[in-house]
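These notes are about the structure you will find just below.
The values are calculated or read from the model by the stated rules, or taken from the named source; none is laboratory data. Computed from a prediction, not measured in an experiment: that's the story for all the values here. Counting neighbours? That spans all protein chains shown, and the Cβs are built from the backbone with ideal geometry, glycine included. Accessible surface is based on the protein model in full, side chains and every heavy atom, while ligands, DNA and RNA are left aside. Shrake-Rupley method; radii C 1.70, N 1.55, O 1.52, S 1.80 Å.
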Amino acid sequence: MPEKTWAMAHPSLALIKYWGKSDKERNLPATPSLALTLSGLHSKVEVQAGSSDQVILDGKEQPQERYQLFFDNLRRVTGTSMYFRVQAWNDFPTAAGLASSSSGFAAMAAACAALTGQTLPLDILSGIARLGSGSASRAVYGGFTLLEARAQTATPLRGPEFWPDLRVLLCLVEAGPKAVSSREAMEQTRLTSPYYSAWVEDAPRLTRQACEALEQKDLDRLGPLIRLSYQRMFATMFSADPPILYWKPGSLEIIHLAEELRRSGISVWETMDAGPQVKLFCPAADSDRVRQILEQRLPAIRVIVAGPAPGVRWGQGSCPV
Ligand code: PMV
């Protein structure tokens, strides 16, 4: 059995959103999601056996209860009784709506499984990662992935080479951690929003249409679906009791700027997650121009340019990068 293992993964950004759980205990999604694994941002972990489970993220010890279900399930699947001491690092803001939990749990699943001496297939890793965070089941795979409603594992649809000239501009409006976790916010929405059931009912149709547009690499068709999905997801949050509001003035400024750019003929489409950051999909040929306009008009906003990335990698010893 190796003494130490490492893994690295990239975050999974949903084009069509998962929001709400059909089974809280097993962390199963109520809606399907279609996502892209993003280059440019990394979560890295190193794992050794310990006397209890422990996660240190960017130098800070994390509350154990957030990880219990994940570790217990990992032990069950691998048939081991060992405990895991995890050191993790993100090279981007954590818990700020940049999907750090997706890449973090995907990397943890791979590195911890490797420490048990087993080589698990990716779909099993995807199921383990899901217990930490639904979106992590997608981040195990590179390129474009689908997580069906109530599914235990994500499905890889297309590798990162499928659409190499798609870009995502990650616009950092505020780097601090969010006040309400996506887990809590989803539950509050499910329990209190009168629009929640309509959202769940409509999501499969939107996902099917988006998968078709993706197959054609047709951003003019996919973009409006990306926009509908996040706007409908937020409509359920705005209508929760009490309402959940992740948006900041800077978020809205970017949304309006995207609209203005579309009117000028650029196919640029925004999405948001559980945080104030805005992510813009556009063709690679337009990404420099969009970035320049963003930086000129909204100088306070930091922009990271990402594209399709590969899935999780792992190995023995310390992480080579
Ligand atoms: O899997 P979680 O708990 O990180 O929730 C993901 C929720 C969204 O980012 C808003 C949507 C998604 O599908 O990634």
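Taking region 40-92 and the strands (runs of 3 or more DSSP E) fully enclosed by it, the elements with 1 or more residues that are hydroxyl-bearing (Ser, Thr, Tyr) and under 30 Å from Leu166 (Cβ atoms) are at 43-50.
Of the residues making up region 157-172, just one is open to solvent by 30 Å² or more (accessible area, probe 1.4 Å) and within 16 Å of the ligand (Cβ to nearest atom), namely Leu157.
Checked against the criterion of being touching a strand residue (DSSP E or B) at 6+ places or on another chain (Cβ under 7 Å), open to solvent by less than 10 Å² (accessible area, probe 1.4 Å), part of a strand (DSSP E or B) and at pLDDT 95 or above, the candidates Ala14, Ala110 yield just one match: Ala14. Condition check for Thr116 on (1) surrounded by 23 or more Cβ atoms within 10 Å (Cβ to Cβ); (2) touching a residue at least 60 places away in the same chain (Cβ under 8 Å): one failure, at (1). Of all positions in region 165-183, at least one carries a residue that is in a helix (DSSP H, G or I), modelled with pLDDT under 95, within 17 Å of the chain's Cα centre (by Cα) and farther than 27 Å from Ser81 by Cα. Name the single residue, out of those in region 134-153 being charged (D, E, K, R) and open to solvent by 20 Å² or more (accessible area, probe 1.4 Å), that is farthest from the ligand (Cβ to nearest atom). Once the filter is applied, the top-ranked residue is Arg150.
Pairs linking a residue in region 174-202 that is within 11 Å of the ligand (Cβ to nearest atom) to a residue that is part of a loop (DSSP other than H, G, I, E, B) and among the aromatic types (Phe, Trp, Tyr), with Cβ atoms under 6 Å and 6 or more positions apart or on different chains, are Met186/Trp19. Every test in (1) open to solvent by less than 40 Å² (accessible area, probe 1.4 Å); (2) in contact with a strand residue (DSSP E or B) (Cβ under 7 Å, 6 or more places away or on another chain); (3) without any contact (Cβ under 8 Å) to a residue 60 or more places away in the chain is passed by Gly317 save one, and that test is (3). Of the listed requirements (1) under 20 Å from Ala213 (Cα atoms); (2) among the basic types (Lys, Arg); (3) out of contact with any helix residue (DSSP H, G or I) (no Cβ under 8 Å at 6 or more places or on another chain), Lys248 misses just one: (1).
Regarding region 203-225, can at least one residue be identified that is assigned to a helix (DSSP H, G or I), surrounded by fewer than 15 Cβ atoms within 10 Å (Cβ to Cβ) and touching a Pro at 6+ places or on another chain (Cβ under 8 Å)? Yes: region 203-225 contains one or more residues that are assigned to a helix (DSSP H, G or I), surrounded by fewer than 15 Cβ atoms within 10 Å (Cβ to Cβ) and touching a Pro at 6+ places or on another chain (Cβ under 8 Å).
Residues of region 236-246 include at least one that is free of Cβ contacts under 8 Å to residues at least 12 places away in the same chain and not in a loop (DSSP other than H, G, I, E, B). Can you spot a residue in region 75-94 that is without any contact (Cβ under 8 Å) to a residue 40 or more places away in the chain, away from the ligand (no atom under 14 Å from the Cβ), within 26 Å of Ser33 (Cα to Cα) and open to solvent by 60 Å² or more (accessible area, probe 1.4 Å)? Looking through region 75-94, none of the residues is without any contact (Cβ under 8 Å) to a residue 40 or more places away in the chain, away from the ligand (no atom under 14 Å from the Cβ), within 26 Å of Ser33 (Cα to Cα) and open to solvent by 60 Å² or more (accessible area, probe 1.4 Å). Of the conditions (1) without any contact (Cβ under 8 Å) to a residue 60 or more places away in the chain; (2) farther than 25 Å from Lys24 by Cβ, Glu161 fails just one. Which one is it? Condition not satisfied by Glu161: (1).
When region 82-119 is filtered for residues that are within 13 Å of Met1 (Cβ to Cβ) and of a type outside the set (A, V, I, L, M, F, W, C), the ones remaining, listed by number, are Thr116, Gly117, Gln118, Thr119. With respect to Phe238, determine if the residue is aromatic (Phe, Trp, Tyr) and open to solvent by 10 Å² or more (accessible area, probe 1.4 Å). The answer is yes for Phe238. Hey, can you tell me all the residues within region 24-39 that are assigned to a loop (DSSP other than H, G, I, E, B) and either of a type in the set (A, V, I, L, M, F, W, C) or over 16 Å from Ala210 (Cβ atoms) (or both)? Once the filter is applied, which keeps residues that are assigned to a loop (DSSP other than H, G, I, E, B) and either of a type in the set (A, V, I, L, M, F, W, C) or over 16 Å from Ala210 (Cβ atoms) (or both), region 24-39 yields Lys24, Glu25, Arg26, Asn27, Ala30, Ser39. Report, by residue number, each residue of region 215-228 that is touching a helix residue (DSSP H, G or I) at 6+ places or on another chain (Cβ under 6 Å) and touching a residue at least 24 places away in the same chain (Cβ under 8 Å). Selection gives Leu222, Leu225.
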